[in-house]
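Notes for the one structure printed next.
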Amino acid sequence: MTIHDTKLSRRSLLKAGAGLVIGAYVVRGGKAFAQSPAPSAPNIAPNTFLIIGADDTVTVLCKGIEFGQGPFTGMATLVAEELDADWSQMRADHAPSNPALYKNLAFGVQGTGGSTQMANSYIQMRQVGAAAREMLVGAAAESWKVPASEITVDKGVIRHASGKQGRFGEFAEQAMLRPVPSAPKLKDPSQFRLIGKEGVVKRLDSAAKSDGSALFTMDIHGPDMLTVLIARSPKFGGAVRSFDATKAKAVAGVVDIKQVPTGVAVYAKGFWPAKTARELLQIEWDNSKAETRGTTEILTEFRALAKTPGKVVTQHGDVDGSFAKGGQVIEAEYVFPYLAHAAMEPLNGYLKWDGDTATAKYGCQFPTPDHAAIAQVLGLGMDKVKIDTILAGGSFGRRAQQTTHQAIELAEVAKAIGPGKALKLVWTREDDMRGGYYRPFGVHRMRGVVRDGRIEGWTDTIVGQSIMKGSPFEAMTFKDGMDATAYEGSNEPPYEIANFRCDLHQVDLGVPVLWWRSVGHTHTGYAVEAFVDELLTATGQDPVEGRLALMGNRKPRHAGVLKAVAELSNWKGAKPEAGRARGVAVVESFNTFVAQVVELSMSADGPVVHKVWCAVDCGVPVNPDIIRAQMEGGIGFALGHILYAQQPIEAGAPVSGNFDTYRSLRINEMPQIEVTIIPSTEKPTGVGEPGVPPLGPAVANAMAKLGLPRPRKLPIVPGANA
């Protein structure tokens with residue numbers, strides 16, 4: 001089974017026009033981009049999600065990108081379940097860029113993000129499979145001249161009691177001529193044989209990624225293709241004043257050098273001459289509009305702001321009165337650094353423009369806005385531009401660009417040299433790490449008052465940049481002039497606090513920021529869960545029992561995962577080895593509930609996390625193996641970042657350029673992990689991001705339990721190099 005079989009690609013299937021192509025759609029509102037169809041308009045064109053070949057293969061076209069989080073397997077599972085296909089015949093590939101057919105039902109445009117792939121496809125893709133099954137059965141009944149009600153389908157075989165039987169491929173073309181059922185009957189969950197089952201579904205993308213046959217952008221080569229590298233300003237906001245390319249042009253293999261809006265582009269026959277020439281460019285930068293502050297200055301400004309009231313997000317009770325009545329007042333300031341996404345594959349993209357049409361190929365996370373951006377830069381209609389999404393080596397939010405800066409830059413380098421060239425724009429690791437678009441720098445100033453063994457008051461003043469301001473998503477995410485992603489999770493903690501206030505200072509800075517894995521929950525989850533633990537300690541309550549008491553009956557799914565992880569880790573009965581302690585945290589993000597217990601000790605180099613227990617409630621668990629893998633990956637990702645990672649800024653320029661200074665978790669530092677998945681009948685939600693937020697505060701709370709200071713400025717081990 002392969003996802004890039006060169007003999008049977010999606011493109012060859014489409015070109016051949018053979019087999020069954022089927023679609024189903026669900027109309028739902030959402031935000032539309034300027035060149036995408038209005039979200040409220042009826043979708044009259046059938047979306048094409050499924051191709052059944054004459055050889056019985058079933059290819060599912062995934063409207064979202066596969067960059068390791070498992071949608072190829074997830075979408076295929078939904079289709080195969082209702083189609084009653086055999087798993088060995090399932091394949092998956094990316095759908096082409098077409099918002100009318102492949103829009104994310106949560107966004108209204110084609111794009112991947114917010115852990116929405118499974119949530120927005122669960123019913124839709126099951127309908128696709130069920131409709132295909134009905135059409136195949138109808139075709140078989142017509143051919144055999146028997147009632148369709150007498151036909152069964154099992155593991156890809158269509159059978160009639162008379163002994164007649166056939167495979168999908170035999171009836172695919174006949175089935176294609178039949179009308180698409182408007183309301184295909186879906187299985188009762190008790191009939192599921194794939195959804196929610198352990199070990200019956202193998203990932204569709206693993207083999208190709210293991211044997212090297214999977215295609216990524218850097219694998220694209222052509223005899224006349226030019227590799228392009230851009231020299232960009234070291235400071236954010238800097239621009240080219242002048243440049244001298246005399247020495248650079250002398251490098252063998254260099255074809256041209258052009259100024260583009262983001263810097264100076266070197267076009268060469270290969271990566272090495274492009275990189276060599278770029279280093280020989282003599283550029284004078286105009287920094288008159290550049291950011292000149294560093295993180296030291298930014299922190300000073302943020303701290304001063306945090307001591308003043310921000311714009312109120314949420315408030316209830318008599319907050320000031322609760323503090324005035326006395327008691328133990330606890331204050332804590334949490335500082336969160338800029339973080340790079342540091343995906344294993346840096347940004348890159350391929351584009352061929354002939355003057356009339358353009359085709360782009362890369363790991364495209366937001367096809368609709370990227371499609372529009374390329375069309376606009378090149379002065380083409382949307383119908384003259386095509387984006388072929390291919391596999392990507394991770395993202396963590398980096399490829400979902402509200403500014404479409406990668407697509408714009410790709411089109412700009414093509415426009416600068418003129419039509420008729422095939423180009424591959426490459427960002428090196430250093431380009432990507434220093435290219436901005438970080439998790440925003442932020443400060444939380446928390447105050448709480450404990451009296452008579454109860455938490456009587458709680459305030460949280462947040463200072464941070466907006467991710468969404470000025471982007472096409474601003475209208476979706478702004479409320480009362482504030483970016484909701486900056487405070488999500490802080491404004492409505494799962495705990496009953498009688499007197500509560502959350503306020504925000506939204507600051508404009510010249511450092512580009514972008515959503516990072518788990519978006520606002522990456523810092524709000526830490527601040528809330530570390531602080532409630534500190535307050536519960538002051539009341540003398542157990543961290544688990546205290547949280548449950550504060551939830552009452554209002555948060556059953558938070559309480560469910562908390563109880564589950566307590567049971568899994570034997571919270572009440574466990575007696576960690578001498579020198580070890582445990583901490584707990586629970587965070588809801590993207591409608592998925594995750595609780596984690598961490599057991600750690602302290603070494604001379606910092607915390608050593610020995611084991612993490614994790615409970616997750618993501619609704620119906622479609623692919624348990626993938627859910628478990630996403631929790632494990634999220635825990636490792638989170639642990640590396642809260643221990644070691646930061647991107648310092650000095651005088652407007654980022655400092656870290658590679659993993660030698662941007663420390664990640666080493667393989668020998670990966671803790672043992674045990675995951676339990678809560679059975680549920682709720683609609684499935686995402687798992688790509690929710691495994692991250694609880695890990696940091698659980699580590700902090702374990703350190704406090706060990707008698708160490710609770711970390712209030714991340715990373716916990718600053719300055720740790722590889």
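The values are calculated or read from the model by the stated rules, or taken from the named source; none is laboratory data. Treat the numbers as computed from the prediction; the structure is a model and nothing was measured. Ideal geometry is used to build each Cβ from the backbone, glycine not excepted, and the neighbour counts take in all protein chains shown. Keep in mind that these areas ignore ligands, DNA and RNA; they rest on the heavy atoms of the full protein, side chains included. Shrake-Rupley method; radii C 1.70, N 1.55, O 1.52, S 1.80 Å.
At-a-glance table
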{"item": "Value of [θ]222 nm, deg cm²/dmol, for the chain, DSSP H segments ≥ 4, -39500 (n - 2.57) each, nearest 500", "result": "-8500 deg cm²/dmol"}
{"item": "Dipole of the chain, positive direction: furthest Cα of Ala248, Met670, Gln117, with charges on the beta-carbon", "result": "Ala248"}
{"item": "Share, in percent, of DSSP beta bridges within segment 264-410 that are antiparallel, nearest 5", "result": "45"}
{"item": "Set Lys249/Lys386; Lys103/Lys384; Lys269/Lys415; Lys63/Lys202 screened for pairs whose C-alpha atoms are more than 22 Å apart", "result": "Lys249/Lys386"}
{"item": "Antiparallel DSSP beta bridges within the chain, percent to nearest 5", "result": "75"}
{"item": "Segment 41-195, dipole about Cα centre (Lys/Arg Cβ +1, Asp/Glu Cβ -1), debye to the nearest 20", "result": "220"}
{"item": "Selection from Pro512, Ala422, Met703 lying farthest towards where the dipole of the chain points positive, charges on Cβ", "result": "Ala422"}
{"item": "Unit charges on C-beta of K, R, D, E only; dipole of the chain, Debye", "result": "460"}
{"item": "Segments 519-527, 649-657, 414-422 sorted - mean Cβ within 10 Å per residue, highest first", "result": "519-527, 649-657, 414-422"}
{"item": "Segment 75-104 residues near the modelled Asp188 label - backbone nitrogen below 20 Å, point 7 Å along Cα→Cβ", "result": "81-84"}
{"item": "Share of carbon and sulfur in the accessible heavy-atom surface of the chain [1.4 Å probe, %]", "result": "51"}
{"item": "All aspartates and glutamates inside 19 Å of Lys713 as judged from Cα atoms, apart from same-chain residues fewer than 8 positions distant", "result": "Glu297, Glu301, Glu331, Glu333, Asp460, Glu529, Asp533, Glu534, Asp605, Glu650"}
{"item": "Cα-projected label distance for Glu430 with Ala207, points at 7 Å along beta-carbon direction, nm", "result": "4.1"}
{"item": "Long pairs among Lys235/Lys424; Lys155/Lys187; Lys155/Lys197, criterion Cα-Cα beyond 23 Å", "result": "Lys235/Lys424"}
{"item": "Within straight-line cross-link reach of Lys572, lysines at Cα separation under 21 Å, skipping those fewer than 8 residues along the same chain", "result": "Lys563, Lys611, Lys705"}
{"item": "Listed residues Ser603, Pro556, Thr539: farthest to the positive end of the dipole of segment 520-616 (Cβ charges)", "result": "Pro556"}
{"item": "Segment Lys572-Ala324, length gained on full extension (0.36 nm per residue, minus Cα span)", "result": "85.6 nm"}
{"item": "Pairwise label distance in nanometres, Ala100 with Val312, each label 7 Å out on the Cα-Cβ vector", "result": "4.9"}
{"item": "Which of Trp353, Trp458 is most accessible, then next, and so on - probe 1.4 Å", "result": "Trp353, Trp458"}
{"item": "Surface accessible to a 1.4 Å probe, per residue, for the residues of the chain, Å²", "result": "39"}
{"item": "Set of lysines with alpha-carbon distance to Lys145 below 17 Å, sequence-local pairs under 8 removed", "result": "Lys164"}
{"item": "Ala148 paired with Asp219, simple spin-label distance in nm, labels 7 Å along Cα-to-beta-carbon", "result": "4.0"}
{"item": "Dipole moment magnitude, nearest 20 debye, segment 508-641 about Cα centre, only Lys, Arg, Asp, Glu C-beta charged", "result": "320"}
